[in-house]
Amino acid sequence: MPSPVFGFADLHCHTTAHLGFGGHLFAGFPDGKIEQALARCDIHLHGPLGLGQFGKKGSLITAFIEGGLGHGPCGHDSYADWPKFTTMVHQQIFVDWLKRAHEGGLRLLCSVAVNNELLADQTKHPEKDETSIEKQMRELRRFTELHSDWMGLALSASQARQLIQAGKLAVVAGVEVDSLDSILGDRAALNKKPLDAAQLPRILQWLRDQGFRMITPLHLANNSFGGAAVYDDKFNLLNHFLRGEFHRVEGNSTVSFRLGQDLDTQTKASIIFYEVSQRAHYPQGYALNAPGKGHVNQFGLSATGKAFLRAAMNHGFILDVEHMSERCTNDALSLAEQSRYPVVASHCAFREQALDSEETSLKHKRANEYMKTREQVRRILALGGLLAPITNQHELKDFPGSTVANDCARSSKTWAQSYQYALSVLREVGSGGVAVGTDFNGLNQQPGPRYGPHAAFGLEGDKKRIKRRPVQQQLQRNHPPLPYSGTMYRTEVPFTQSRAGTRTFDFNTDGLAHIGLLPDFLKDLLHVGMTDAQLDPLFSSAEAFLRMWEDCEARGAALTSGEPVS
């Protein structure tokens with residue numbers, strides 16, 4: 001039995017996202033001279049004030065992608081408005097920052113190639129998922145080889161273990177696209193004729209030859225494998241763009257998210273823009289459709305999807321059950337249980353912790369299909385799989401008996417509620433592991449600060465809860481901020497502030513602005529009441545992932561040889 005490695009794993013980030021989405025949406029590069037890699041985006045990409053490069057170079061969508069109308073000055077030298085915890089389309093995994101995270105205990109990183117064909121189309125640089133992820137894989141190989149003195153691309157569990165034991169960061173390549181079923185074929189043709197199961201081995205072999213070892217079969221839209229989770233009306237637009245139809249939903253009493261209702265300004269604008277540009281009409285019947293508390297996708301795992309998962313298991317792939325519909329998730333877990341094959345939830349949230357409809361005016365805080373049920377969580381862990389609570393948890397209910405006060409929405413304190421929930425189920429089940437899933441560079445925001453004007457940012461725009469914000473801000477000021485002294489948690493590395501150009505980052509007022517602030521995030525968790533014993537599983541998550549991956553490889557070999565499943 002090899003000696004356990006020590007350190008934590010980030011199961012979901014997007015190191016090469018600058019090449020996704022058509023390659024003209026995401027500002028900044030992961031390495032190079034910092035003044036060039038993180039050059040001002042208003043000059044070379046996003047246009048003055050982030051309002052977009054109109055005409056042949058871009059479209060209006062750039063102006064809205066950050067959640068408002070444009071954005072302030074971004075990039076080298078002042079970094080005044082980038083990086084920040086609210087950014088969606090600016091580099092947050094620059095190599096210097098990633099190295100700081102490694103120094104602070106990050107030992108395994110799942111770097112996931114990502115693409116969105118609708119966004120690529122809207123930026124006037126359309127690109128298929130296949131060519132996009134192929135480019136991203138080449139870039140990941142170049143990136144890891146260039147910095148091979150402290151990181152390496154792992155193509156097997158044993159190689160990942162060797163890298164970590166040598167003091168390096170093990171990088172595992174994953175893929176997360178909407179049309180994985182058509183990467184070697186014609187997406188439009190699949191909308192008319194289902195994928196031939198005979199093509200599945202060819203797809204999987206191509207992924208393996210590229211270097212991918214982790215697969216997310218479903219992403220933001222339905223495909224030949226099954227149904228995607230319903231939790232954002234903008235993804236319903238994507239489903240129409242890719243599949244030629246909007247989601248078909250049914251009622252579900254455990255969720256309160258409903259399509260077509262309580263739309264925010266950005267979503268309304270997206271729908272109008274889509275209707276005009278695509279000559280489509282967003283369904284008006286969702287308000288009356290699918291009686292019940294909320295909406296979930298009607299579709300589960302298809303026969304082709306079951307064949308795909310079985311074939312992926314035979315290859316020993318790490319399977320990520322994120323973004324699947326509830327039916328699809330349950331079907332996939334049943335299939336995994338039949339083969340005793342572990343799976344992961346790489347950037348998850350939990351349905352039991354969501355706010356009730358009457359508590360919040362923001363629909364993304366309500367229970368939705370993306371969030372895992374308690375039973376799904378138990379099944380994942382019972383298989384020996386891993387949960388990785390996503391860092392940006394918005395706002396959650398208190399975790400009973402929490403050692404961390406839940407009094408600063410969308411901060412480290414919020415993530416602590418989600419992490420402790422996962423730990424409680426981990427202890428009940430007695431197997432599996434708990435890591436973290438940052439989703440950096442994934443068109444997703446991050447936890448905010450506990451001090452300054454952006455404190456308790458999770459209450460921003462919530463008409464039913466905004467009055468709590470001054471109270472929560474004052475509660476933080478009643479206690480001292482995180483001090484920059486001593487060493488990074490469980491390391492000998494001095495704990496000093498991260499810098500870029502003329503800017504110094506202070507987690508107290510900046511939040512999780514980039515991946516290099518993960519050590520600050522961990523120190524803040526301790527500062528607000530988490531214990532060493534509670535963080536033990538997180539710092540064992542790299543080892544838990546390696547053991548899970550070893551099980552995938554072993555089960556794959558056994559399944560291929562025809563070993564009977566007991």
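The values are calculated or read from the model by the stated rules, or taken from the named source; none is laboratory data. It should be emphasised that the depicted structure is a prediction, and the values quoted were computed from it without experimental measurement. Positions of Cβ are backbone-derived with ideal geometry, glycine not excepted, and every protein chain shown enters the neighbour counts.
Below is a table of values for the structure above.
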quantity	calculated
Filter result for the condition that a residue is under 23 Å from ALA354 (Cβ atoms), touching a Lys or Arg at 6+ places or on another chain (Cβ under 7 Å) and in the same structural domain as ASP178 (by TED's automatic domain parsing), over VAL249, VAL296, VAL255, VAL230	VAL255
Leading residue by the ranking (farthest from ALA554 (Cα to Cα)) among those in segment 291-306 that are of a type in the set (Gly, Ala, Ser) and buried (at least 18 other Cβ atoms within 10 Å of the Cβ)	GLY294
Qualifying residue in segment 198-212 (condition: assigned to a loop (DSSP other than H, G, I, E, B) and touching a Gly at 6+ places or on another chain (Cβ under 9 Å))	yes
Among the candidates ALA120, ALA113, residue that is closer than 15 Å to SER179 by Cα, of a type in the set (Gly, Ala, Ser) and surrounded by fewer than 23 Cβ atoms within 10 Å (Cβ to Cβ)	ALA120
The one condition in (1) more than 17 Å from PHE257 (Cβ to Cβ); (2) crowded, with 24+ Cβ neighbours inside 10 Å; (3) over 22 Å from the mean Cα position of the chain (by Cα); (4) not hydrophobic (A, V, I, L, M, F, W, C) that ASP320 fails to fulfil	(3)
Test: residue in segment 366-385 that is among the aliphatic types (A, V, I, L, M), more than 23 Å from LEU535 (Cβ to Cβ) and within 21 Å of the chain's Cα centre (by Cα)	yes
Some residue of segment 237-257 being of a type in the set (Gly, Ala, Ser) and closer than 21 Å to ILE133 by Cα	no
Output for segment 71-111, where each listed residue is part of a strand (DSSP E or B) and touching a Ser or Thr at 6+ places or on another chain (Cβ under 7 Å)	CYS110, SER111
Segment 509-566, residues that are modelled with pLDDT of 95 or more, in a loop (DSSP other than H, G, I, E, B) and either crowded, with 24+ Cβ neighbours inside 10 Å or touching a Ser or Thr at 6+ places or on another chain (Cβ under 7 Å) (or both)	GLY511, LEU512, ALA513, HIS514, VAL528, GLY529, MET530, THR531
Filtered residues of segment 284-314 (kept if aliphatic (A, V, I, L, M), part of a helix (DSSP H, G or I) and at pLDDT 95 or above)	ALA303, ALA307, LEU309, ALA311, ALA312, MET313
Tabulated pairs, segment 412-427, first not assigned by TED's automatic domain parsing to the domain that holds GLN353, second assigned to a helix (DSSP H, G or I) and crowded, with 24+ Cβ neighbours inside 10 Å, C-beta under 6 angstrom, 6+ apart or interchain	none
Which listed residue, of SER256, SER224, is over 28 Å from ARG279 (Cβ atoms) and touching a helix residue (DSSP H, G or I) at 6+ places or on another chain (Cβ under 8 Å)	SER256
Members of segment 433-472 that are in a loop (DSSP other than H, G, I, E, B), surrounded by fewer than 18 Cβ atoms within 10 Å (Cβ to Cβ) and among the charged types (D, E, K, R)	GLU460, LYS463, LYS464, LYS467
Residue check, ASP536 among the charged types (D, E, K, R) and out of contact with any helix residue (DSSP H, G or I) (no Cβ under 9 Å at 6 or more places or on another chain)	yes
Residue within segment 487-501 that is surrounded by 21 or more Cβ atoms within 10 Å (Cβ to Cβ), in a helix (DSSP H, G or I), touching an Asp or Glu at 6+ places or on another chain (Cβ under 8 Å) and not charged (D, E, K, R) present	no
Counted residues, segment 425-459 - those being modelled with pLDDT of 95 or more and under 22 Å from the mean Cα position of the chain (by Cα)	22
